[in-house]
Protein chains: 2
Amino acid sequence: MTIVKPSTLPGFMELLPKDQVVFNNLLDIIKKNFERYGFLPIDTPVLEKAEVLLAKGGGETEKQVYEFTKGTTDIAMRFDLTVPLARYTVEHFSDLHFPFKRYQVGKVYRGERAQKGRYREFYQCDIDIIGNGKISLVNDAECPAVIYSIFREFDFGKFTIHINNRKILNGFFKSLEVKSSEEVMRIVDKLDKIGVDNVKEELDKIGMSSENIEKLISFIGIDGTKEEILDALKKLNCDNEDFKQGVEELEAVVKYMRAYGVDDDYFNIDLKIARGLDYYTGTVYETFLDDHRELGSVSSGGRYDNLAGYYTTNLMPGVGMSIGLTRLFSKMQELDLIKKKGNKVSDIIIIPMESTIEKSIEILAKLQKAGISTTIYTESGKMGKKFKYADALDIKYALVIGENELESNVFGLKNMETGDQEELSLEDIIDKFSK
Amino acid sequence: MTIVKPSTLPGFMELLPKDQVVFNNLLDIIKKNFERYGFLPIDTPVLEKAEVLLAKGGGETEKQVYEFTKGTTDIAMRFDLTVPLARYTVEHFSDLHFPFKRYQVGKVYRGERAQKGRYREFYQCDIDIIGNGKISLVNDAECPAVIYSIFREFDFGKFTIHINNRKILNGFFKSLEVKSSEEVMRIVDKLDKIGVDNVKEELDKIGMSSENIEKLISFIGIDGTKEEILDALKKLNCDNEDFKQGVEELEAVVKYMRAYGVDDDYFNIDLKIARGLDYYTGTVYETFLDDHRELGSVSSGGRYDNLAGYYTTNLMPGVGMSIGLTRLFSKMQELDLIKKKGNKVSDIIIIPMESTIEKSIEILAKLQKAGISTTIYTESGKMGKKFKYADALDIKYALVIGENELESNVFGLKNMETGDQEELSLEDIIDKFSK
């Protein structure tokens, strides 16, 4: 038989079981919180018709898509969960109820150039709330409230959800009547390097009035508490409807986020957050781990005016956020920020003698019936090898069962971490784990 | 903008949220039971190197594989979870601990001709226990014990796990010194049609001794309780080591399955079960719903001598079983055998007035903190529309919150199924759901 060297493709994460358990617990935290807030699960196919999945076309993403032909069908692998959501919402429109609050957790595929920290297969965990025609601003607060609950439970350390509203920046620039907001932003970006006076000079050169230059300088200097920022924005007296609406929306989102119980220390207004995608039209979010800003945003999203323009003329606005769990997990592992406690499969491992296997299985069945995850080591071998197995699997308690234990109904429950052993009846053991 | 008609590929199951909730609950039951018995999760990539995944080559399966080239790499989509398990076990050999008890739940891909009841993307839910060199027979009983727990919890009606051992049939035929067991089986299969005498005649024609013909007729007539079948097998006095070992193994597996608490009514010895794959070498399993034999086996598997001969010269025997959930779910839906109770996402939907939205969100936050899944309807519109939404989403309780309710802390909790309404304080509501 020819032996083929077994290996995976580069850029595909594959974990050992002990890390997989940790990863799955994070997935469970995410799903539990999504459902607690009333988001409904969907599970779209990994493969879709290429013409449907790539209806938008163009851009960097398309180059990365895994695409192939089977028979006469052009097939593409999903590269995100948003395009499938748009397709799903339109295809099943008459069977859905709006606002349609959906979550999806699944793998997506991008054939990027392999590089450290980049994955070609990775988990996306998305929530979106889709309206039929319109959708209330409360939803703009609910999404970050869900993300807040999740990251509190992840316990990776202090984090901050940064919120902004695209209408503010767009409206503000419109009110300044600048020809190219990109050019203005490029000049403003140099503020730290060249100082206020040089920035003003350069803005003057491209034809901005001194009044507008002052407004712009005031705008980019705005900072402080949420109330201070909202006040300062109002005091700019910017005469643009988008701007005014953006400020109003932002104020409402802050109010509702507080009502959802999001701790004020864990979110702020950040006028610098814009999100690259032209897709977003209102509220936008990015989330940073305070002690690890270098990771970039660990959960982002925003509000959009129209989810599915490529599939329907119905207007479906929505708002959503997403966690890219594969990359986040890999970073958290590198930084050793993942708490290991509670990440186990089995509570007890039973180690029987050759002659007590059958009775030991009966005891295992009783423990499992009581909800205690139990495994059994039935291979032959020396005791040392068996305890080594228990250790390697991080199982906290070992229960050695010989003839004496069966006769007396007194079992030695050995704590594998401390080495301590308690002498307990089967009923005592069940009691101990029920607590 | 060009509108593309949104649709999925044929042969890909996609569910509405209410069905997805049910499907996910089944997945959760499976995973919970796998873990309760100490199986560890792994999650291999959907895409693998074609040369690795198709190392075995040939056969019907290879034609169905989705295979493509990206850059210069030949890539294949996994078509089962067994080949990836073999690759994984060898690749991570030095980091694993044997017996390696792993489970994997994930989608696999087969580009079959589309037909009713066949899927090109479907969930496999697999458990396997892999030994390094050898593995105890207890594991042959544990696999069906896990499957038993799962199907009891599924509650699809009475089912029976049929077990057999390949060594019995193989050894028996060897002892008869027949040239072609296929030919003998073909003749034996005609028993019901042509009667015993004609079968004997045909066997005589192909050169079997009358002594062996009698043995064969006795063998295929064996039936009864597990003890009766085992007794009858022993009384055949078949002088073949494989046969004797097979009977011994089968007897041990029955004993251990009983120890695991598998109800005798739910499993039997079925000497007709062989499993097509030449892969299996010992215990084999098939599972049937008693009232729906026409569905075929809903969970199958068996013991094999060598998991990963294509990747290593190490001998790794193992035993495993599998549930093909996508097909099973689709059949259970057709037969309306899926219990809907307990399959919900939200316990309560809050319906606020325009003026009570903020306070209502605070109440929602309190309910969620108490572990009650709660959603809120904040779109404007008439009350009827809001209740219709609650109904459509199958949410059992609606909580309308106006100014009066907030002032008095007395809320009308409306049971959407019965129409009854209870007047309760927030604390009462939390109490009610904690029970």
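From the convex hull of the Cα coordinates of chain A, what is the mean projected area in square nanometres?
Working: hull surface 119.9 nm².
The orientation-averaged projected area of the Cα hull of chain A comes to 30.0 nm².
Based on the alpha-carbon gyration tensor of segment A:262-302 and its eigenvalue square roots a ≥ b ≥ c, which shape applies: rounded if a/c is under 1.5, prolate if not and a/b is larger than b/c, or oblate? Display every interim value, and only then the final one.
Details: a/c = 2.28, a/b = 1.40, b/c = 1.64.
Taking the square roots of the gyration eigenvalues as a ≥ b ≥ c, segment A:262-302 is oblate.
Mind checking which of B:Gly171, B:Gly224, B:Gly302 has the largest fluctuation in a GNM of chain B, springs on alpha carbons under 10 Å? Judging by the Gaussian network model, the answer is B:Gly224. Take every DSSP beta bridge whose two residues both sit in chain B; close to 75 percent of them are antiparallel. Between amide H atoms placed 1.01 Å from N, distances below 5 Å from B:Gly282 occur with B:Arg166, B:Arg303, all of them 5 or more places distant or on a separate chain. In a Gaussian network model over chain B where Cα atoms closer than 10 Å are linked, find which of B:Val138, B:Val22, B:Val196 has the largest mean-square fluctuation. Its mean-square fluctuation being the largest, the pick is B:Val196.
Counting only DSSP beta bridges whose two residues both lie in the protein assembly as shown, roughly 75 percent are antiparallel. Please go through the residue pairs A:Lys101/B:Lys107; B:Lys116/B:Lys331; A:Lys339/A:Lys366; A:Lys385/A:Lys414; A:Lys56/A:Lys134 and name each one whose alpha carbons sit more than 20 Å apart in this structure. Listed pairs above 20 Å: A:Lys101/B:Lys107; A:Lys339/A:Lys366; A:Lys56/A:Lys134. Take B:Leu315, move 7 Å from Cα toward the beta carbon, and the resulting point lies 7.3 nm from the same point in each other copy, nearest first. Summarising the amide proton neighbourhood of B:Thr287: residues at separation of 5 or more, or on other chains, whose placed amide H is nearer than 5 Å comprise B:His162, B:Val298, B:Ser299.
Relative to the other identical copies, A:Asp204 shows label-point distances of 12.0 nm, where the label point lies 7 Å from Cα along the Cβ direction and values run shortest first. When the Cα gyration tensor is reduced to axis lengths a ≥ b ≥ c, the ratio a/c stays below 1.5 for segment A:348-434, which is therefore classed as rounded. For A:Ile376, the residues whose modelled amide H falls within less than 5 Å of its own, excluding neighbours fewer than 5 places apart on the same chain, are A:Ile350.
Sorted from closest to farthest, the other copies place their B:Ser94 label points 6.2 nm away, with each point set 7 Å from Cα along Cα→Cβ.
Taking the inverse of the mean 1/r over every pair of distinct Cα atoms in segment B:119-222 gives a Kirkwood hydrodynamic radius of 17.4 Å. Chain B comes nearest to the axis taking it onto chain A at the Cβ of one residue; that residue and its distance, in whole Å, are B:Phe68, 2. For segment B:132-226, the set of GluC sites (Glu not before Pro) satisfying both a DSSP loop assignment and a count of at most 14 other C-beta atoms within 10 Å is given as B:Glu177. Taking the number of Cβ atoms within 10 Å of each Cβ as an exposure proxy, the fewest-first ranking of A:Ser175, B:Ser355 is B:Ser355, A:Ser175.
For the peptides B:279-287, B:247-255, B:404-412, the ranking by mean Cβ contacts within 10 Å, running from highest to lowest, is B:279-287, B:247-255, B:404-412. By its C-alpha gyration tensor, with a ≥ b ≥ c as the square roots of the eigenvalues, how is segment A:236-293 shaped: rounded for a/c under 1.5, else prolate for a/b larger than b/c, else oblate? It is oblate, given that a/c is not under 1.5 and a/b is not larger than b/c.
Under the definition of partner shielding as Cβ atoms of other protein chains within 10 Å of a residue Cβ, what is the mean value for peptide B:89-96? Walk me through the intermediate numbers first.
Values: counts 1, 5, 5, 5, 1, 0, 4, 3.
Going residue by residue through B:89-96 and averaging, the value is 3.
As a test of the formula, what do you get for chain A when each DSSP H run with n ≥ 4 contributes -39,500 (n - 2.57) and the sum is divided by the residue count, at 222 nm and rounded to the nearest 500 deg cm²/dmol? Provide the component values of the computation, followed by the final result.
Numbers: 16 runs with 181 residues, N = 435.
Taken over chain A, the calculation gives -12500 deg cm²/dmol.
Segment A:22-61 and segment A:121-157 have Cα centres separated by 13 Å. Just checking the listed ones, A:Leu335, A:Leu169, A:Leu85: in the Gaussian network model of chain A with Cα springs under 10 Å, the one fluctuating most is A:Leu335.
Values quoted throughout were computed directly from the atomic coordinates according to the rules given, and no laboratory measurement underlies them. If you're wondering where the values come from, they're calculated on a predicted model, not measured in any experiment. Methodologically, a virtual Cβ is constructed for each residue, glycine included, from the backbone with ideal geometry; neighbour enumeration extends over all protein chains shown.
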